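Structure, as structure tokens:
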Amino acid sequence: QVQFVESGGGLVQAGGSLRLSCVASLNIFRFSGMGWYRQVPGKQRELVASITSTSSTYYGDSVKGRFTISGDNAKNSVYLQMNSLKPEDTAVYYCNHLSGKLPWGQGTQVTVSS
């Protein structure tokens with residue numbers, strides 16, 4: 001069964017940057033694609049950005065122009081470069097298959113202070 005390990009979160013001031021990394025235990029990336037999701041307590045998990053095996057990308061409106069998703073098929077990895085961070089970006093960030101239906105990892109906490 002595939003497992004995801006996210007890392008790179010932390011505490012940063014508004015306007016700062018972080019780069020999240022995710023490694024999958026299986027190479028599912030080459031079959032379709034991966035996504036970064038985030039969740040805050042009391043709210044549904046939301047898709048932030050995604051990338052397909054052909055490098056097509058999607059960004060949610062709230063992060064467009066600030067976040068960049070990339071992937072490395074050879075390393076079973078996907079990354080999320082987050083710039084110009086805002087307090088409302090504070091959440092636990094997870095990666096998963098594009099469908100969002102595979103088992104979730106522990107995620108990585110991102111906290112943006114104002």
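Rundown of residues vs (1) more than 24 Å from Gln1 (Cα to Cα); (2) assigned to a loop (DSSP other than H, G, I, E, B); (3) out of contact with any helix residue (DSSP H, G or I) (no Cβ under 7 Å at 6 or more places or on another chain), yes/no style:
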| residue | (1), (2), (3) |
| --- | --- |
| Arg19 | yes, no, yes |
| Ile28 | no, yes, yes |
| Trp36 | no, no, yes |
| Asp61 | yes, yes, yes |
| Thr68 | yes, no, yes |
| Leu80 | no, no, yes |
| Leu85 | yes, yes, yes |
| Leu102 | no, yes, yes |
| Gly105 | no, yes, yes |
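For the range 5-22, check the following and say yes or no: at least one residue is over 18 Å from Ser113 (Cα atoms), surrounded by 13 or more Cβ atoms within 10 Å (Cβ to Cβ) and at pLDDT below 95. Don't jump to the end; show me each part of the working.
Here is the first cut: in the range 5-22, the ones over 18 Å from Ser113 (Cα atoms) are 5-7, 21-22.
If we keep only those that are surrounded by 13 or more Cβ atoms within 10 Å (Cβ to Cβ) too, we end up with 5-7, 21-22.
From what's left, at pLDDT below 95: none.
No, because not a single residue in the range 5-22 is over 18 Å from Ser113 (Cα atoms), surrounded by 13 or more Cβ atoms within 10 Å (Cβ to Cβ) and at pLDDT below 95.
Just name the residue that is nearest to Lys86 (Cα to Cα) out of those in the range 38-58 that are of a type in the set (Ser, Thr, Tyr) and surrounded by fewer than 18 Cβ atoms within 10 Å (Cβ to Cβ).
Across the range 38-58, the extreme among qualifying residues is Tyr58.
Please go through (1) in a strand (DSSP E or B); (2) more than 10 Å from the chain's Cα centre (by Cα); (3) touching a residue at least 60 places away in the same chain (Cβ under 8 Å) for Val23 and return the number of the only condition it doesn't satisfy.
In the conditions (1) in a strand (DSSP E or B); (2) more than 10 Å from the chain's Cα centre (by Cα); (3) touching a residue at least 60 places away in the same chain (Cβ under 8 Å), Val23 misses (3) alone.
Under 7 Å between Cβ atoms, at least 6 apart or on separate chains: pull out the pairs that start in the range 96-114 with a residue that is under 21 Å from Thr52 (Cβ atoms) and in contact (Cβ under 8 Å) with a residue 40 or more places away in the chain and end on any residue that is open to solvent by 90 Å² or more (accessible area, probe 1.4 Å) and assigned to a strand (DSSP E or B).
Within 7 Å, the pairs are Gly105/Val5.
Can you tell me which residues in the range 59-91 are surrounded by 16 or more Cβ atoms within 10 Å (Cβ to Cβ), modelled with pLDDT of 95 or more and polar (S, T, N, Q)?
Matches in the range 59-91: Thr68, Thr90.
Could you identify the single residue in Ser84, Ser70 that is of a type in the set (Gly, Ala, Ser) and touching a residue at least 24 places away in the same chain (Cβ under 8 Å)?
Ser84 is the lone residue from the list that is of a type in the set (Gly, Ala, Ser) and touching a residue at least 24 places away in the same chain (Cβ under 8 Å).
The values are calculated or read from the model by the stated rules, or taken from the named source; none is laboratory data. No experiment lies behind these values; they were computed from the predicted model shown. Here the Cβ is made from the backbone with ideal geometry for all residues, glycine too, and neighbour counts use every protein chain on show. What goes into the accessible areas is simple: the full protein's heavy atoms, side chains included, and nothing from ligands, DNA or RNA. Shrake-Rupley method; radii C 1.70, N 1.55, O 1.52, S 1.80 Å.
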